[in-house]
1. Show the residue pairs meeting these rules: Cβ distance below 7 Å; 6+ apart or different chains; first residue within the stretch 169-186 and loosely packed, with under 15 Cβ neighbours inside 10 Å; second residue in a loop (DSSP other than H, G, I, E, B).
2. Just need a number here: residues in the stretch 37-48 that are surrounded by fewer than 22 Cβ atoms within 10 Å (Cβ to Cβ) and either among the aliphatic types (A, V, I, L, M) or over 22 Å from Arg296 (Cα atoms) (or both).
3. Going by the structure shown, is Asn10 open to solvent by less than 70 Å² (accessible area, probe 1.4 Å), at pLDDT 90 or above, in contact with a helix residue (DSSP H, G or I) (Cβ under 7 Å, 6 or more places away or on another chain) and farther than 24 Å from Thr100 by Cβ?
4. Residues being hydroxyl-bearing (Ser, Thr, Tyr), within 29 Å of Asp40 (Cβ to Cβ) and surrounded by 14 or more Cβ atoms within 10 Å (Cβ to Cβ): count how many of those fall in the stretch 272-298.
5. Go through the stretch 79-105 and report how many residues are buried (at least 18 other Cβ atoms within 10 Å of the Cβ), closer than 23 Å to Ala165 by Cβ and hydrophobic (A, V, I, L, M, F, W, C).
6. Exactly one condition in (1) closer than 23 Å to Ile115 by Cβ; (2) under 23 Å from the mean Cα position of the chain (by Cα); (3) of a type in the set (Phe, Trp, Tyr) is false for Phe65; which is it?
7. Of Glu16, Glu34, which residue is open to solvent by 20 Å² or more (accessible area, probe 1.4 Å), out of contact with any Gly (no Cβ under 7 Å at 6 or more places or on another chain), within 28 Å of Glu103 (Cβ to Cβ) and of a type outside the set (A, V, I, L, M)?
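The values are calculated or read from the model by the stated rules, or taken from the named source; none is laboratory data. Since we're looking at a predicted model, the values are computed, not measured. Every residue, glycine among them, receives a Cβ derived from its backbone with ideal geometry; neighbour counts consider all protein chains shown. The area values use the complete protein model at the heavy-atom level, side chains included, leaving out ligands, DNA and RNA. Shrake-Rupley method; radii C 1.70, N 1.55, O 1.52, S 1.80 Å.
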Amino acid sequence: MLSIIIPSYNEEKNIEKTFAVVTEVLEANGIDFEIIFINDGSSDSTWQKISDLAHENDNVTSVDFSRNFGKESAIFAGLEIASGDACVLMDCDLQHPPETIIEMYNIWKNNDVDIVEGRKKSRGKESKLYKCFSMLFYRILNKSSGLDMDSASDFKLLDRKVVDALNKMPERLTFFRAMSSWVGFRTEKIYFEVAERQEGKSKWSARSLFRYAINSITSFTSAPLHLVTVFGIISFIISVVLGIDTLYNKIWGNSEAGFPTVIILQLLTTSIIMFSLGIIGYYISKIYEEIKNRPRYIITKIVKKDKEEQ
């Protein structure tokens, strides 16, 4: 059986169409499946629509969060609830084409493959600034983690053994795209065209994307901490060069009145120290979040046909 996991946040206009299209594609290919909708604290009628679908269909499960915990939490909630032999993660806006699920399924079923990873052929209709930001983000992540994350997406199929491995990972601050690569296993890549959003608009603002990028990098790699050491070395080299220059001018009587060199050096070292403290402080805040050991999410209700759990 195939479990389709669909995180949903303010997607009331897309729920019914997504369900209909995914169901039609899977049934036409004779695939046994379940669909798991996770309502990530929506403020519209998303929960009402997915709970109605669960009441009317045997193969639909609807999960309601107590508030908005974020897409990462919704993904892992779906992985923990799913009972399929394989799971597919996809967005609710149909930008991940449902037809590609069939290709993923056939690759997984007919080959010795544990992960079928969807990669974007292009980034669709995105602004140049957004594309540049994405390229920079993945380049930093690739260099710092050693993983190939170019054109990666959350759209992928995971074998049950991969799902079980991810569910055993205890960290609260998660980055699914990188974690699903980090666990290893045999992986096959498949490329897809990003479709246009059917209804509504993207929930990602520039601020939320920037915050997501920072959280993802710091939760998955300690590379930014090594910048502190790099800055220290650079500061030391500059100090030595300026020190030699100052002594040379003093010996040969070329030193000027005032303290421009000292002021510049102090400003440079102070800025490096403050920036380094900021990086260290951010990681300390991540440690603080983890050691509190709070749950990734809180589920208030799970709805299946003829069954409702609080």
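1. Filtered contacts from the stretch 169-186: Phe185/Asp114; Arg186/Asp112; Arg186/Val113; Arg186/Asp114.
2. 3
3. Numbers: open to solvent by less than 70 Å² (accessible area, probe 1.4 Å): yes; at pLDDT 90 or above: no; in contact with a helix residue (DSSP H, G or I) (Cβ under 7 Å, 6 or more places away or on another chain): yes; farther than 24 Å from Thr100 by Cβ: yes.
No: the conditions fail for Asn10.
4. So the first thing to find is which residues in the stretch 272-298 are hydroxyl-bearing (Ser, Thr, Tyr), and the list is 276, 282-283, 285, 288, 297.
Next, from what is left, pick out any that are within 29 Å of Asp40 (Cβ to Cβ): 282-283, 285, 288, 297.
Imposing the further condition that a residue be surrounded by 14 or more Cβ atoms within 10 Å (Cβ to Cβ) reduces the set to 282-283, 297.
Within the stretch 272-298, residues that are hydroxyl-bearing (Ser, Thr, Tyr), within 29 Å of Asp40 (Cβ to Cβ) and surrounded by 14 or more Cβ atoms within 10 Å (Cβ to Cβ) number 3.
5. 9
6. Answer for Phe65: the failing condition is (1).
7. Details: Glu34 fails: out of contact with any Gly (no Cβ under 7 Å at 6 or more places or on another chain).
So the residue among Glu16, Glu34 that is open to solvent by 20 Å² or more (accessible area, probe 1.4 Å), out of contact with any Gly (no Cβ under 7 Å at 6 or more places or on another chain), within 28 Å of Glu103 (Cβ to Cβ) and of a type outside the set (A, V, I, L, M) is Glu16.
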